[in-house]
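K.L.:
Before I ask anything, here is the structure I am working with.
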Amino acid sequence: MPRRLAQGAVLLVACALLAFSWRCDGAWFDKHVFLPQQFFIPAGRGIVLWFRALAMLAAALLLFLVPRVPRVASARGLPLAALLSLPAAEIVLRWRIEKVIRPDLLAATAHVTARHPLYGISFRPSMDQVEKLSGREIRFQTDAESRRIPGAPIGPALPSLVFTGESAMAGFGLRWEETFPALLGTRLRLQVVNLASPAYRIDQSRLRLADALARLERPVAVVGVFMPGLVGRSFGGLRHPPPLSSSGYELLPPRPPDLLERSGLFRTWSHLYRSDAAIEEGMRSVEADLWLMAALAKVRGVPCVFLVTGYTPHWMLHDLFEAPGLDFVPVDLPREELLEDGHPGPRGALRIAAALESRLRTRLAHR
């Protein structure tokens, strides 16, 4: 009987792999695997073919092994081996997770950021240091409120362009004058208030914006950013599904990850696959924060424009921007305009600045 059960289990896994290779096409991979972690570079289509082919080969191997499953006397060590493989896999995965991202990018991010009591990991306050990124020396200067600055302090009474977002908006890998917020500030002759910080989620960007707008006397426009990867980042162990209320959106406080969600096995699985429920949760969370950011700008009587990049699919554009009536500018960058670490390079920043400048001039002219 135990041998029959083992054969049935192997057969069940083989059937599951065959079903995966048949049902999980490119659209499935886009929604559940690629988009939740897609920022500027879309995944290669060849990955889908390889995964489906490997699933078929693994299923064929398991079907071949079904009649060869050992009898009870010779298989007593298998449960123990399987049990011991779990902590070994955990150790290896924890080590490899830290190696997946470029070590220089991780080190530079750690050097220029610190935990903020309200906003989470943000730029270090009152910082002036140089980091080497993508083979270039980049100077990071911040004020006491952890905002990246060119050196001169921010004047709260000056007409200001307000930017909020993650590392691309912060100009990670670019000198200040090369960043598209700085380029836009120069072209529109406005002070730049850059609230962005590496690895920010949408809700962190919203919190920074709410606090900053309350202290600025003359904001002129707000610029936010969206990429599909921010949907995946929104539920990195910090889920906060926003229920609708009669007064608008109400966000629940973030929940810190538990022991299971910090494990390497769980992090690897959640990185490789997002369920329909998880995607829906992330979309609702991001939708609420985008809507709230636009509402914050509207209260101050200024336009809010979102930079949308990362080859965002139309269904996401419709759900997050077109349906709620939010203003957005899509800009996708070719690989040659990106830095080695995947962030926009100087040419990419110029392309983004040109697209945003046209929209901002139109919106400001009709105020």
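K.L.:
In what order, largest first, do Asp104, Asp341 sit by accessible area if the probe radius is 1.4 Å? Mind showing how you got there, number by number?
P.N.:
Details: Asp104 55, Asp341 30 Å².
Per-residue accessible area, sorted high to low, gives Asp104, Asp341.
K.L.:
At what distance in nm do the modelled label points of Ala144 and Ile41 sit from each other, each positioned 7 Å from its Cα along Cα→Cβ?
P.N.:
4.1 nm
K.L.:
Shape call for region 101-160 from the C-alpha gyration tensor, a ≥ b ≥ c root eigenvalues: rounded (a/c under 1.5), prolate (a/b greater than b/c) or oblate? Walk me through the numbers on the way to the answer.
P.N.:
Numbers: a/c = 2.78, a/b = 1.52, b/c = 1.83.
Oblate shape, in that a/c is at least 1.5 and b/c is the bigger or equal ratio.
K.L.:
On to the next question. Sort 52-60, 162-170 by the packing proxy (mean of other Cβ within 10 Å over each peptide's residues), most packed first.
P.N.:
162-170, 52-60
K.L.:
Another question about this same structure. Taking 0.36 nm per intervening residue step and subtracting the Cα-Cα distance, what contour gain separates Val13 from Leu272 on full extension?
P.N.:
On the way: separation 259, 0.36 × 259 = 93.24 nm, distance 1.86 nm.
Full extension from Val13 to Leu272 adds 91.4 nm.
K.L.:
Along the Cα→Cβ direction, 7 angstrom out, place labels at Ala58 and Ser126. What is the inter-label distance in nm?
P.N.:
For the pair Ala58/Ser126, the computed spacing is 5.3 nm.
K.L.:
Using a 1.4 Å probe on the protein heavy atoms only, what accessible surface does Ser134 show? Give it in Å² to the nearest 10.
P.N.:
Approximately 20 Å² of Ser134 is accessible to the 1.4 Å probe.
K.L.:
For Thr309, Thr186, what's the largest-to-smallest order of accessible area, 1.4 Å probe? Numbers along the way, then the final one.
P.N.:
Working: Thr309 0, Thr186 105 Å².
Reading off the accessible areas and sorting them downward yields Thr186, Thr309.
The values are calculated or read from the model by the stated rules, or taken from the named source; none is laboratory data. This is a predicted model, so every value here is computed, not measured. In this analysis, Cβ positions are derived from the backbone assuming ideal geometry, glycine residues included, and neighbour counts consider all displayed protein chains. These accessible areas exclude ligands, DNA and RNA; they are computed on the full protein's heavy atoms, side chains included. Shrake-Rupley method; radii C 1.70, N 1.55, O 1.52, S 1.80 Å.
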